[in-house]
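The values are calculated or read from the model by the stated rules, or taken from the named source; none is laboratory data. Everything numeric here is computed off the predicted structure, so don't read it as measured data. Using ideal geometry, Cβ is built from the backbone for each residue, glycine included, and neighbour counts are taken over all protein chains shown. Quick note on the areas: whole protein, heavy atoms, side chains included, nothing else; ligands and nucleic acids left out. Shrake-Rupley method; radii C 1.70, N 1.55, O 1.52, S 1.80 Å.
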Amino acid sequence: MQRCIAPAKYVREENGLELIDQLLPRPVCRVALAGGETALQVAGGRLRNALEKSGREVAGVFWYGGECCPANIEKLAAAVRQSGAQMLIGVGGGRALDTAKAAAFLAGVPVVTVPTIAATCAAFTGISIVYNEQGVFQEISRRARVPELVLVDLATIARAPVAFLLAGIGDTLAKWYELEAASRKKPGAAATRSALQLAGVVREILMQHGEAALAAVGRQEINQSLAEVVDAVIMISGLVSGLGGDECRSAGAHAVYSGLTGLPATHGRYHGEIVAFGILVQLMLDNRVEEAGRLIGYYRRIGLPVTLADLGLVSLEPHEMDTVITGTLATEDIRNMPFTVSAEMLREALLAADVLGRGGGSGM
């Protein structure tokens, strides 16, 4: 068994960006920043000021390219090497941070992640989700550095659009449902049992605090519920992923996500929104209709998608359905399901989830 469990340090504070100089190893005196354009505008100045106050040099500030694809990873790695930076600090959302982790691996330098939204656990994990330049899923790459530090500035996350946190809740809910399904193939394994227990804690936190956390972000305020949900989305969810490993990290929900990214109409949707619908499809595959109905009730209360139309897919043409099915069945994730999924099973589950969503849910 081999696991990349967790970063060396996780720090979550209301104004965490100003702590960067205290948290980096003293020998590091030359760093590069990379991230999304908006994220660098929001957090880059504060980071740069804190670094320069401590006598460290910012060797360069780089846009990650807009997509975590091989060309952008290689381009960023080359820029980091050319800058002479001893460390790369990734700033932004999941695709920016995944690009930074992969580029740091290629450049041979450590990486620090600074998530400006809480939409995935990408800041915490030692993998990168790689797409092609058009945004279609390609692979889960292990050629990524495990971060030395994850620095969460809660004030920044509270000021981000509420849709990001909503997507984070959708993505993180999948941890329990996918791990529960995948773990049936590995009964009794210590790491899997531990991951499953943590995934249950994550689900409980989201159900208990999700609505209050979303309301806080809607007001651009910080409360305890927001802190709990952010830790669940980024840190505890990341621990679940690390403990579960490749064979239990994800299953049907993320497989469906990967298949749906084959349709251009979904490219404007957030990762966690699509994964949330993928959970419903996975539950239908597993004949857990009652649980899917309860989850739909919760989705409706907080605003997660419950139908294909909610994802911008008003109707699926036969060739589009074939694209989704082919993409889903091609993933590693679908093989983590405790039974073999056929194309016809998947077609029926996609349509059944959509029908159930259009009919409403029983609440949770």
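Descriptive notes on the structure:
- The relative contact order of segment 85-234, computed from alpha carbon pairs under 8 Å that lie at least 6 residues apart in sequence, is 22 percent.
- Cα-centre dipole for segment 282-364 with unit charges at Cβ (Lys and Arg positive, Asp and Glu negative), debye to 20: 400
- In degrees, nearest ten, helix 190-218 long axis to first principal axis of the chain (Cα): 80
- Calculated SAXS-style log₁₀ I(q)/I(0) at q = 0.10, 0.11, 0.15 Å⁻¹ - the chain, Debye, Cα scatterers: -0.58, -0.70, -1.28
- Each residue of segment 44-61 is assigned a 3J(HN,Hα), and the resulting list reads x, x, 5, 5, 4, 4, 5, 5, 6, 4, 8, x, 8, 9, 8, 6, x, 10 Hz, derived from the Karplus form 6.51 cos²θ - 1.76 cosθ + 1.60 (θ = phi - 60°), x at Gly and Pro.
- Where labels lie 7 Å past Cα in the beta-carbon direction, separation of Ala265 and Ala330 in nm: 2.0
- Note on the chain: dipole from Cβ charges, positive end direction compared against Val61, Val202, Gly135; the farthest Cα belongs to Val61.
- Ordering 140-152, 347-359, 160-172 by mean Cβ neighbour count within 10 Å, with the highest value first, yields 160-172, 140-152, 347-359.
- Cα centroids of segment 50-83 and segment 227-281: 27 Å apart.
- Cα gyration tensor category, rounded, prolate or oblate, for segment 234-364 with a/c compared to 1.5: rounded
- Cα gyration tensor category, rounded, prolate or oblate, for segment 210-284 with a/c compared to 1.5: oblate
- Taking the Cα centre of the chain as origin and assigning +1 to Lys and Arg Cβ atoms and -1 to Asp and Glu Cβ atoms, the resulting dipole is close to 900 debye.
- Annotation: amide H of Val152 within the under-5 Å range of Val11, Arg12, Glu13, sequence separation 5 or more or interchain, hydrogens built in the peptide plane.
- When both bridge partners sit in segment 90-206, DSSP labels roughly 45% of those beta bridges antiparallel.
- Gain in span if fully extended, Met207 to Asn287, counting 0.36 nm per residue against the direct Cα distance: 26.5 nm
- For Gln138, residues with placed amide H under 5 Å, excluding near neighbours: Val130, Tyr131, Asn132
- Projecting the Cα atoms of Val11, Gly92, Gly108 onto the dipole axis of segment 1-150, where Lys and Arg carry +1 and Asp and Glu carry -1 at the beta carbon, places Gly108 farthest toward the positive end.
- Centre separation in Å (Cα based) which lies between segment 98-113 and segment 177-198: 29
- Difference of contour (0.36 nm per residue) and Cα-Cα distance, Arg347 to Ala191: 52.9 nm
- The phi torsions of segment 331-340, fed into the Karplus equation with coefficients 6.51, -1.76 and 1.60 and a -60° offset, translate into couplings of 7, 5, 4, 5, 6, 7, 5, x, 8, 6 Hz, rounded to whole numbers, with Gly and Pro shown as x.
- FRET efficiency, 1/(1 + (r/R0)^6) with R0 22 Å, evaluated for Lys53 and Arg81 via beta carbons: 0.25
- Rolling a 1.4 Å probe across the protein heavy atoms gives segment 191-284 an accessible surface of 31 Å² per residue.
- Normalised by the number of residues in segment 1-123, the mean separation of alpha-carbon contacts (under 8 Å, six or more apart) gives a relative contact order of 25 percent.
- Backbone geometry of segment 303-319 corresponds, through the Karplus equation with coefficients 6.51, -1.76 and 1.60 at θ = phi - 60°, to 3J(HN,Hα) couplings of x, 7, x, 10, 9, 4, 4, 4, 9, x, 10, 5, 8, 9, 5, x, 5 Hz, x marking Gly and Pro.
- Carbon and sulfur %, accessible surface of segment 179-230 computed with the full protein complex present, 1.4 Å: 47
- Within the listed set Thr323, Thr340, Thr156, the residue fluctuating most in the Gaussian network model of the chain (springs between alpha-carbon atoms under 10 angstrom) is Thr340.
- Mean sequence separation of contacting Cα pairs (under 8 Å, at least six apart), scaled by the length of the chain, corresponds to a relative contact order of 16 percent.
- Share antiparallel - DSSP beta bridges, the chain, percent rounded to 5: 15
- Cβ-defined net charge surrounding Ser258, 12 Å radius [Lys, Arg +1; Asp, Glu -1]: -3
- Hits among lysines - C-alpha to C-alpha of Lys75 under 27 Å, sequence gap 8 or more where chains match: Lys101
- Percent carbon-and-sulfur accessible area, segment 314-364, ignoring ligands, DNA and RNA, probe 1.4 Å: 57
- Just the protein heavy atoms count here, and of the accessible area of segment 49-176 at 1.4 Å, carbon and sulfur take up 51 percent.
- Added length on full extension, which subtracts the Cα-Cα distance from 0.36 nm per residue, Glu74 to Arg159: 27.4 nm
- For Phe62, the amide hydrogen comes within under 5 Å of the amide hydrogens of Leu33, Ala34, Gly35, counting only partners 5 or more places away or on other chains and with H modelled in the peptide plane.
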